[in-house]
Amino acid sequence: MKTWSSSLLTKVEKHLIAREYWEGHSDLFCPSQKRSNSIHLAVFVEPFLQFLLDGRKTVESRFSIHRRPPFGCVKSGDLVLIKESGGPIVAVAEISEVWYYQLDRDAWDLIRTRFARQLCVDDPGFWQSKASSYFATLMQIGRVEKLDPLTCAKRDRRGWVVLDRHDRQTNLFSGVR
């Protein structure tokens, strides 16, 4: 039985295989190699989705009370499928750098002063809504490439899903010759 995530990976494979930039990523395209990177799905709400697509938002953040993805699960070179909340996947992004924080006063101060502009956060309500969090993952967005909208059968409320872990032998493009 094919899951929504495997169906989605097949769709993404077809969209990316012909694009010049992605052809240069041999660990994604070569079925004989063990892939070193993971593939994730991230759900975005407005206005942050548009900020990301426009290139204004260069760092993505995820805050949580418990250790859950992407905390400890994402690394430089991973791919993130960008999904509109309640809508399709509209882009793919490559992560260029990752920072993990167990939140205390110093970590909060550092995140606010170092990353607020890159996160496109100027509303104090944003920080207040995250105040009960104990963990934060911040990710530098390296490359964002818009896609023709791809439908996704994901129906749960998770804002971040690890679709394919880098420690598995499977390859996103293993069926492509």
Inset, instruction - Could you identify the single residue in 146, 154 that is among the charged types (D, E, K, R), closer than 19 Å to residue 52 by Cβ and not in a strand (DSSP E or B)? - result: 154
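Within segment 90-119, count every residue that is over 30 Å from residue 19 (Cα atoms) and acidic (Asp, Glu).
3
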Inset, instruction - Of the conditions (1) touching a residue at least 24 places away in the same chain (Cβ under 8 Å); (2) part of a loop (DSSP other than H, G, I, E, B); (3) surrounded by fewer than 18 Cβ atoms within 10 Å (Cβ to Cβ), residue 97 clears all except one; give me its number. - result: (2)
Legend entry - Cross-chain or 6+ apart pairs with Cβ under 8 Å, segment 138-162 first and touching a residue at least 24 places away in the same chain (Cβ under 8 Å) and among the polar types (S, T, N, Q), then part of a loop (DSSP other than H, G, I, E, B) and surrounded by fewer than 16 Cβ atoms within 10 Å (Cβ to Cβ): 151/88
Inset, instruction - Examine segment 121-132 for a residue that is crowded, with 16+ Cβ neighbours inside 10 Å and part of a loop (DSSP other than H, G, I, E, B), and state whether such a residue exists. - result: yes
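Each reported figure results from applying straightforward, stated rules to the coordinates on display, with no laboratory input. Keep in mind the model is a prediction, meaning the values are calculated, not measured. All Cβ positions, glycine included, derive from the backbone under ideal geometry; neighbour counts span all protein chains shown.
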